[in-house]
Amino acid sequence: MTLDLLITGARVRTFDPAQPWAEAIGVTGDRIAYVGSAAEAPAARRRIEADGRLVTPGVIDSHNHLLLGFDEDAVSLEGAHTLDEVRRRIAAFAAARPELPWICAENAVYAVVENRRPNAHDLAGLDPQGRPIFVTTYDQHSVWLDRRALEVLGVADGGEIAWGRAERDADGEATGWVTDFYTSAMTVAGLAALQRDIPMYSPERRYRKLQSSMRMATALGITTVVEPQVPLAELPLFERALAEGVLSSRVIAALFHPVGADGGFRRTLSDTIANAAENADASGLLRLGPVKLYSDDVIEPHTALMLDDYANRPGRRGRPSYAGNGGRELVDVVTELDRLGLQTHTHATGDGGIRLALDAIEHAQRVNGTVDRRHGVVHVECLHPDDLPRFAGLGATAAMQPRHCSPDLVAGTWMENVGEERWDRAWRFRSLLDSGATVAFSSDWQVGEMDPLVGVFSAATRAALDGGDAWTAGERVGFDRSLEAYTVHGARAWHLEGSRGRLAVGMDADLVVWSGDLYTHEHEPSGLLGEHAEVTMVGGRVVHSRGAVADVVGAAAAADPAAGREVFDAHAHEHGH
């Protein structure tokens with residue numbers, strides 16, 4: 001046997017119980033053909049000398065919003081923690097871009113104004129042209145508008161908007177704050193109105209974000225990306241990306257199920273997923289499913305569903321996203337989707353929202369008699385102790401983001417809203433893994449950094465990226481278990497354990513050669529932040545190489561401003577969903 005490619009001189013972490021470690025790995029076609037010692041390796045047409053670098057299965061990012069990448073025609077508010085800084089950046093951008101019809105900004109933090117919501121007045125006087133201003137929060141769940149935007153959208157005159165819930169003061173005046181944005185914006189009516197009203201959401205600009213995010217994912221060693229919220233109307237963006245060769249890593253697109261959708265819509269989802277499976281591309285780069293749902297909203301604006309009152313809002317517990325059937329409508333929807341043979345991927349952050357999502361999964365399995373559907377619960381930020389063992393018991397996946405637990409991101413709003421007596425429920429990675437649950441790690445890009453090494457560092461330290469004091473340190477997860485959550489558990493979450501997540505003969509040749517032996521940083525995880533993916537391989541093809549051990553492949557860092565900002569420079573972003 002002659003291999004197409006042999007990677008040798010490596011430390012190969014296979015995650016194959018029969019052979020956990022090796023020093024060489026060979027590829028023929030799109031599959032792994034050899035795993036073992038360098039001395040016994042077959043001949044190969046091409047060799048990569050890894051020089052002691054770590055080789056692992058490709059990273060599976062189980063929740064990554066490819067369509068939310070940075071927009072070059074919007075101002076980033078990353079790291080802007082004061083109103084003065086927000087105003088300075090928006091004013092400078094407005095002055096530099098006089099041709100834009102709207103001034104759009106991204107990634108605002110909720111606490112930019114202390115002790116209250118930001119409002120339209122806070123954005124006054126920033127643009128001499130008087131153009132409307134539209135700002136999204138870092139988690140995409142809220143929008144901040146100035147007075148001109150409220151007028152243009154008709155909100156100032158008492159009108160409603162299809163892509164969110166405009167807050168009003170006691171006199172009925174619109175404040176400039178809009179909640180329930182992302183869930184409303186992804187409905188058929190909401191997306192149509194958003195694309196009509198806000199230039200940042202035009203199909204062409206969304207496609208540019210998809211392109212940039214995909215380049216970034218591949219450069220970071222991510223070989224499978226789960227895009228967790230694709231409206232049917234935006235599915236053509238991914239089909240275009242496949243046709244134009246943009247999908248350098250594999251994509252699993254979760255189709256969005258809006259609140260209020262009926263049985264006919266669910267059958268449309270089922271038919272769309274079935275048709276895609278029947279006509280799948282031979283390379284396996286694009287797959288549809290599961291179905292994205294919401295159990296609740298988010299903790300920061302007090303809209304996630306809690307079992308008890310918010311610590312700083314007596315009498316308020318948030319609300320379920322599905323209000324019908326006494327708040328149990330989600331149970332009915334999940335049960336019907338399960339009966340149609342569909343896997344679900346349900347956002348749930350509050351302990352009440354998580355319990356509701358688990359109740360829905362349990363009811364669906366009992367009523368339908370289904371087994372091994374592997375429904376997912378996303379984020380799992382505040383988990384009641386009684387619900388922790390239910391994940392393993394139900395075979396449900398916890399799709400979680402390690403970076404979200406960093407104290408520099410959750411100190412203040414999140415911690416204060418939940419209250420110290422419930423902090424021990426926060427992001428329980430270790431407890432869930434110890435219980436036998438599938439815990440699929442992910443980034444939630446661009447809500448959090450896409451770099452999986454940031455996620456591994458955060459899981460290992462529960463600390464800020466500067467190495468500051470850890471928070472809830474009892475839930476730390478070591479490097480090897482974190483890497484397993486990004487590979488083995490990621491594959492299991494999507495029924496892919498037979499082809500991905502491990503390095504063994506016959507598996508897909510999806511792998512990463514890292515810049516060094518990452519295991520040398522087990523005791524000092526901060527060193528992980530200085531490492532990177534040196535080579536990324538998908539289906540036996542080198543889709544990214546930085547040039548140290550193989551010819552350069554893929555765009556250079558400087559050619560992709562978003563990738564340069566995220567992959568090769570600072571790791572600084574905000575927590576969200």
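Bin width 10 Å, alpha-carbon pairs only: give the P(r) of the chain as whole percents, running from 0 to the bin holding the largest distance. Result, from short to long distances: 3, 18, 29, 27, 16, 5, 1, 0 percent. Whole-Hz Karplus values for segment 304-316 come out as 6, 7, 10, 6, 10, 4, 4, 4, 10, 9, x, x, 10 Hz, taken residue by residue from phi with 6.51 cos²θ - 1.76 cosθ + 1.60 and θ = phi - 60°; glycine and proline positions read x.
Relative to the current alpha-carbon distance between Ala473 and Ala170, full extension at 0.36 nm per residue lengthens the span by 104.8 nm. Can you list the trypsin sites (Lys or Arg not before Pro) in segment 304-348 that are in a DSSP coil and have 14 or fewer other beta carbons within 10 angstrom? Hits after loop and neighbour filter: Arg316.
Count Lys and Arg as plus one, Asp and Glu as minus one, and take only other residues whose Cβ is under 14 Å from that of Ile161; the net charge is then -3. Here the contact order of segment 145-265, divided by its residue count and restricted to Cα pairs under 8 Å and six or more residues apart, works out to 19 percent. Here Ala95 and Ser202 are evaluated by their C-beta separation; at R0 = 22 Å the FRET efficiency comes out at 0.40.
Between the residues Ala95, Ala50, Gly36, the greatest Cα displacement towards the positive end of the dipole of segment 1-111, with unit charges on the Cβ of Lys, Arg, Asp and Glu, is found for Gly36. Nearest 10 degrees is fine. How inclined is helix 329-339 to the longest principal axis of the chain, computing both from alpha carbons? With rounding to tens, the tilt is 30 degrees.
Quantify how much of the Cα-Cα distance distribution of segment 106-226 extends past 20 Å, in percent. That fraction is 48 percent.
Distance between the C-alpha centres of segment 210-241 and segment 524-546: 19 Å, rounded to the whole angstrom.
Applying a DSSP loop filter and a limit of 16 other Cβ atoms within 10 Å to the trypsin sites (Lys or Arg not before Pro) in segment 1-103 leaves Arg45, Arg46.
The amide H of Val542, built 1.01 Å from its N in the peptide plane, has no neighbour under 5 Å, considering only residues 5 or more places off or on other chains. The modelled label-to-label distance for the pair Ser37/Asp372, using points 7 Å beyond Cα in the direction of Cβ, is 3.7 nm. Under the rule a/c < 1.5 gives rounded, and otherwise a/b versus b/c splits prolate from oblate, where does segment 223-294 land using the Cα gyration tensor? Judged from the Cα gyration tensor, segment 223-294 comes out prolate (a/c at least 1.5, a/b above b/c).
Once the chain from Gln129 to Arg116 is taken as fully extended at 0.36 nm per residue, the excess over their C-alpha distance is 1.9 nm. Qualifying trypsin sites (Lys or Arg not before Pro) in segment 453-529, where qualification requires a DSSP coil assignment and no more than 16 other C-beta atoms within 10 Å, are lacking entirely. Could you give the distance between the Cα centres of segment 168-189 and segment 249-277, to the whole Å? Between the Cα centres of segment 168-189 and segment 249-277 lies a distance of 26 Å.
Computed about the Cα centre, the dipole magnitude for the chain is approximately 1020 debye when only Lys and Arg (+1) and Asp and Glu (-1) carry charge, each at its Cβ.
Quick one: compute the contact order of the chain, relative version, from alpha carbon pairs under 8 angstrom and 6+ residues apart, as a percent. Normalised by residue count, the contact order of the chain is 17 percent. Spacing of the modelled spin labels on Gln19 and Arg317, each 7 Å from Cα toward Cβ, amounts to 5.5 nm.
Fully extending the segment from Glu244 to Glu49 would add 67.0 nm, taking 0.36 nm per residue of separation and subtracting the current Cα-Cα distance.
Coordinate-derived values only; no laboratory data. Please read these numbers as outputs of a predicted model, since none were measured by experiment. Positions of Cβ are backbone-derived with ideal geometry, glycine not excepted, and every protein chain shown enters the neighbour counts.
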